[in-house]
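So that we are looking at the same thing, I have put the structure below in structure tokens.
Every number here is computed from the coordinates shown, using simple stated rules; none is lab data. What you see is a predicted model, and the numbers here were worked out from it, not measured in a lab. Heads up, the Cβs are rebuilt from the backbone with ideal geometry, glycines too, and the neighbour counts pull from every protein chain shown.
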Amino acid sequence: MSLKNLKDVTYFKLNNEINRPVDGQIPLHKDKEALEAFYKENVLPNLKQFASVTDKIHYLIEEDYIEEEFIHKYSPAFIEKLFAFIKEQNFTFKSFMAAYKFYSQYALKTNDGEYYLESLEDRVAFNALYFADGNEQLALDLADEMIHQRYQPATPSFLNAGRKRRGELVSCFLIQVTDDMNSIGRSINSALQLSRIGGGVGISLSNLREAGAPIKGYEGAGSGVVPVMKLFEDSFSYSNQLGQRQGAGVVYLNVFHPDIVNFLSAKKENADEKIRVKTLSLGVMVPDKFYELVRKNEDMYLFSPFSVEKEYGVPFNYLDITKEYDRLVANPKIRKTKIKARDLENEISKLQQESGYPYIINVDTANKDNPIDGKIVMSNLCSEILQVQEPSKLNDRQEYEVLGTDVSCNLGSTNVVNLMDSPDFGKSVKTMVRALTFVTDSSNIEAVPSIAYGNSINHTFGLGAMGLHTYFAKNHMVYGSKESIEFTDIYFMLLNYWTLVESNNIAREKNQTFHNFEKSAYADGSYFDEYVAGKFMPESNKIKEIFKDIFVPTREDWVALREAIKKDGLYHQNRLAVAPNGSISYINDTSASIHPITQRIEERQEKKIGKIYYPAPFLANDTMPYYTSAYDMDMRKVIDVYAAATRHVDQGLSLTLFMRSDIPRGIYEWKKDTKQTTRDLNILRNYAFYKGVKSIYYVRTFTDDAEEIGANQCESCVI
């Protein structure tokens, strides 16, 4: 297994032969040969053997590799039964990449790194035992879901479950800063602590007064948001998880903040080093009013958060700018500056072309679709977490006078291809909800009390999906076609239905609901209006055939669920969110998230070993036509698919836009030349807004020299 012996192995050479066509054919069989060689040359010689499961577990406990407490919640006989059940399923990886990713990044190894201490079957077993918390039937059900790869916990959960020396089970965190030095100081400390434990951190800076704003009556004293951005970037660089990797964070700013131009400029390649942020990600909160001003080609006013809070009595984040815009413009007490809306729109597009940033959160869309009492004011490092938050108030000792609610991201993902083959779709999803409930109930981020408090009262999680393009190709559906959109609509409706069912069951069992449930659209039943109207049923013959053996709730089923929830409530404030997925999708032998693939034979540059080639799952002559690259696809088709899922997802979806610097003629109907322009991105962002999409993650641009701009996703948040 040692890297010094890599020159003696054949599996990398075999895998690389995939990229050398023979008689015009892709030699896909070379990947299978590479997989076999990897097991023969790497896994089997280096996998530590034990006489029995009991001996293995005893060794792992004695040597401080796994925790003792969760093991002792079960009898030795049951543990033997669980491991035997998993072994009987005859799991095998389907690609070299899948096996390589698992053993290089996820498998428990000896302290010297020379031997593997677990296989994927072992990791599944420890996950099942850990998340089931002593419930034997649940442990068996979870093992069934994970070994058949219908359910995949997020990387932090899957990697750390059961380990003695581990990080948190949580993927990322959201905190907001209010307009005072105590909050800034406390937030920087929070960023340090969260980065130390391996989480990606989202931070809202919209409440901070702008550069030149008064402080204690002294005009021009305010430094603005850019110096604070630099402080956060330095914090993430310093708190680098034992030197293993840099911390990662994103800062969000409202598009109507006076520092918005400086905020965007800090990410430009030619920015002055004093203000340039190299590793910090940027996101912009965009109210509906901005799109209106752009459409009408009007001036837009930027409003001072300090004067807004002084006049309205609430932090800038909590003001409805679309609703109050005209009054803000007319109010002489509100400090404001004026720019052209379209000039700012073009600046956003130029920066997206150059760097992939900023992320875009359509904040009014998110709040209009939000069934929870409160306001969504920001998102996370991958732009799919959209939850209400309440600001904290601190005194000069940086103690909480009012403890607000911030967010931890408790994530997991369905595998579309395999879940559609589940013997019981509903049972599968309900089992996933139980696993994610354990994650949210057992997480306690003491270092950041506002996150610990928000998690403890809201019990949120985000169940998502991966493998959508794989499912389309396997079933001969063109990505973005009418049938693919219809399938997406029904699939996410089912995720919504079954997560609601199980959250209601858990609320009934625990006799507990999430905080302020009684003020939500679930409690008064209005959330269910579209569903009880019976709008979401398969219509085309193909989609009817696909779902013929899967329960699809009728109007009567939704009415019954509505009444059950009105009576007993929901345990979880939020349930669904679609993350980008990364290594986990490789292990699952499926396409990442719900976006299109980028290459039929994907080329990955792995540290220390060079290139690995990953064929698209189920790639064959009959599926090849359905595996169009995202870079060769009209992005409006991708937006259409995301819009279909969005209507059922209570949080967000991490939507990436894929562009070419040199676009083949005919891909976009509006193109008059073959060069990407800022206008293309302007059109796509507006199209996404009008389709009801809540957020846009990266813009990835494939350049003339075959490089990708905006392609480095945060490992902390890529599940």
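Using only C-alpha atoms and all pairs of different ones, pull out the Kirkwood radius for segment 128-273 in Å with one decimal. Mind showing how you got there, number by number?
Working: mean 1/r = 0.0558 Å⁻¹.
For segment 128-273, the Kirkwood estimate is 17.9 Å.
A further question follows. So if we plug the beta-carbon distance of K567 and K427 into 1/(1 + (r/R0)^6) with R0 = 22 Å, what FRET efficiency do we get, rounded to 0.05?
Details: r = 23 Å, r/R0 = 1.05.
That gives a FRET efficiency of 0.45.
Applying the Karplus parametrisation 6.51 cos²θ - 1.76 cosθ + 1.60 with θ = phi - 60° to the phi angles of segment 440-447, what ³J(HN,Hα) value in whole Hz is obtained for each residue in order, glycine and proline being reported as x?
Computed from phi, the couplings for segment 440-447 are 5, 6, 9, 8, 8, 8, 4, 5 Hz.
Quick one: what do you get for segment 516-576 if you divide its Cα Rg by 2.2 N^0.38 Å? Write out the running numbers ahead of the final one.
On the way: Rg = 13.9 Å, N = 61, 2.2 N^0.38 = 10.5 Å.
The reported ratio for this selection is 1.33.
I would also like to ask the following. Can you give me the convex hull volume of the Cα atoms of segment 10-129, divided per residue and expressed in Å³? Working shown, then result.
Details: hull volume 13.1 nm³, N = 120.
Roughly 109 Å³ of hull volume per residue.
Moving to a separate point now. Compute the FRET efficiency between D180 and Q25 as 1/(1 + (r/R0)^6), taking r as their Cβ-Cβ distance and R0 = 45 Å, and round to the nearest 0.05.
Numbers: r = 66 Å, r/R0 = 1.46.
Step by step, r from the Cβ atoms, then E = 0.10.
So what is the calculated 222 nm ellipticity per residue for the chain, using -39500 (n - 2.57) for each DSSP H run with n of 4 or more, over all residues, to the nearest 500 deg cm²/dmol? Walk me through the numbers on the way to the answer.
Numbers: 27 runs with 281 residues, N = 719.
Per the formula, -11500 deg cm²/dmol.
Quick check of the Kirkwood formula: for the chain, what is the inverse mean of 1/r over all pairs of different Cα atoms, in Å?
On the way: mean 1/r = 0.0377 Å⁻¹.
Averaging 1/r across every pair of different Cα atoms and inverting gives 26.5 Å.
Per 0.36 nm of contour for each residue apart, how much would the distance between E62 and I683 grow if the chain were fully extended, relative to their Cα-Cα spacing? List each step's numbers first, then the result.
Details: separation 621, 0.36 × 621 = 223.56 nm, distance 6.02 nm.
Gain on extension, E62 to I683, equals 217.5 nm.
So, one more: Find the centroid of the Cα atoms in segment 349-363 and in segment 14-37, then give the distance between the two in whole Å.
Between the Cα centre of segment 349-363 and that of segment 14-37, the gap is 38 Å.
Pop the C-beta distance of R647 and A51 into the FRET formula with R0 = 51 Å and round what comes out to the nearest 0.05. Please list the in-between numbers first.
Details: r = 54 Å, r/R0 = 1.06.
The calculated FRET efficiency here is 0.40.
Can you list the trypsin sites (Lys or Arg not before Pro) in segment 129-187 that are in a DSSP coil and have 16 or fewer other beta carbons within 10 angstrom?
Details: sites: R150, R163, K164, R165, R166, R186; in loops: R150, K164, R165, R166.
Sparse-neighbourhood loop trypsin sites (Lys or Arg not before Pro): K164, R165, R166.
Report the paramagnetic label zone for D634: residues of segment 503-542 whose backbone N is under 19 Å from a point 7 Å from Cα along the Cα-to-Cβ axis.
Those under the cut-off are none; the list is empty.
Still on this structure, I have one more. How do the peptides 618-625, 304-311 rank, highest first, by the average count of neighbouring beta carbon atoms within 10 Å per residue?
Values: 618-625: 13.8, 304-311: 20.8.
Top of the packing list down: 304-311, 618-625.
Taking neighbour Cβ counts within 10 Å as the exposure measure, how do T365, T677, T598 sort from fewest upward?
On the way: T365 25, T677 16, T598 20.
So the ranking, lowest neighbour count to highest, is T677, T598, T365.
Strictly greater than 33 Å: what percent of every Cα pair in segment 172-407 meets that? Write down the numbers at each step before the final one.
Details: 3290 of 27730 pairs.
Beyond 33 Å sits 12 percent of the P(r) for segment 172-407.
Can you compute the modelled spin-label distance between A84 and N444, with each label point 7 Å from Cα toward Cβ, in nm?
3.8
Taking a ≥ b ≥ c as the square roots of the Cα gyration tensor eigenvalues, with a/c under 1.5 meaning rounded and otherwise prolate when a/b beats b/c, else oblate, which class fits segment 483-600? Intermediate values should be presented prior to the final figure.
On the way: a/c = 2.52, a/b = 1.43, b/c = 1.76.
Oblate, because a/c is 1.5 or more while a/b does not exceed b/c.
Straight-line reach from K216: which aspartates and glutamates have Cα under 15 Å away, leaving out those fewer than 8 places along the same chain?
D179, D180, E309
Determine the percent antiparallel among the DSSP beta bridges restricted to the chain, to the nearest 5. Don't jump to the answer; show the numbers that get you there.
On the way: 30 of 59 bridges.
Antiparallel bridges: around 50 percent, rounded to the nearest 5.
So, one more: Quick query: amide H of I66 versus all other amide H atoms, modeled in the peptide plane; which residues come in under 5 Å with a sequence gap of 5 or more or a different chain?
Residues meeting the amide H criterion: I61, K164.
Modelled label-to-label distance, K611 and T279, 7 Å Cα→beta-carbon offset: nm?
Simple spin-label model gives 2.9 nm for this pair.
So, counting K/R as plus one and D/E as minus one, what does the shell of residues with Cβ under 14 Å around T590 add up to? Walk me through the numbers on the way to the answer.
Working: positive: K94, K101, R150, K474; negative: D421, D589, E602.
Combined, the nearby Lys, Arg, Asp and Glu give +1.
Same structure, new question: Between segment 434-465 and segment 169-237, how many Å separate their Cα centres?
23
How far, in degrees from 0 to 90, does helix 136-147 lean away from the longest principal axis of the Cα atoms of the chain, to the nearest 10?
90
How far is helix 181-196 tilted, in degrees, relative to the longest principal axis of the Cα atoms in the chain, given as a value from 0 to 90 rounded to the nearest 10?
Once rounded, one gets 10 degrees.
Among the listed pairs K296/K637; K267/K340; K296/K368; K230/K350; K548/K637; K101/K607, give every one whose C-alpha distance is greater than 19 Å. Spell out each step's value before the answer.
Values: K296/K637 26 Å; K267/K340 21 Å; K296/K368 23 Å; K230/K350 22 Å; K548/K637 26 Å; K101/K607 12 Å.
Checking Cα-Cα distances, K296/K637; K267/K340; K296/K368; K230/K350; K548/K637 exceed 19 Å.
Say each of Y312 and E36 gets a label point 7 Å from the Cα, pointing the same way as Cα to Cβ; how far apart are those two points in nm?
It is 6.6 nm.
Please give the length that would be gained between Y690 and R166 if that part of the chain were fully extended, namely 0.36 nm times their separation in residues minus their C-alpha to C-alpha distance (nm, one decimal). Don't jump to the answer; show the numbers that get you there.
On the way: separation 524, 0.36 × 524 = 188.64 nm, distance 4.37 nm.
Stretched out fully, the Y690 to R166 stretch lengthens by 184.3 nm.
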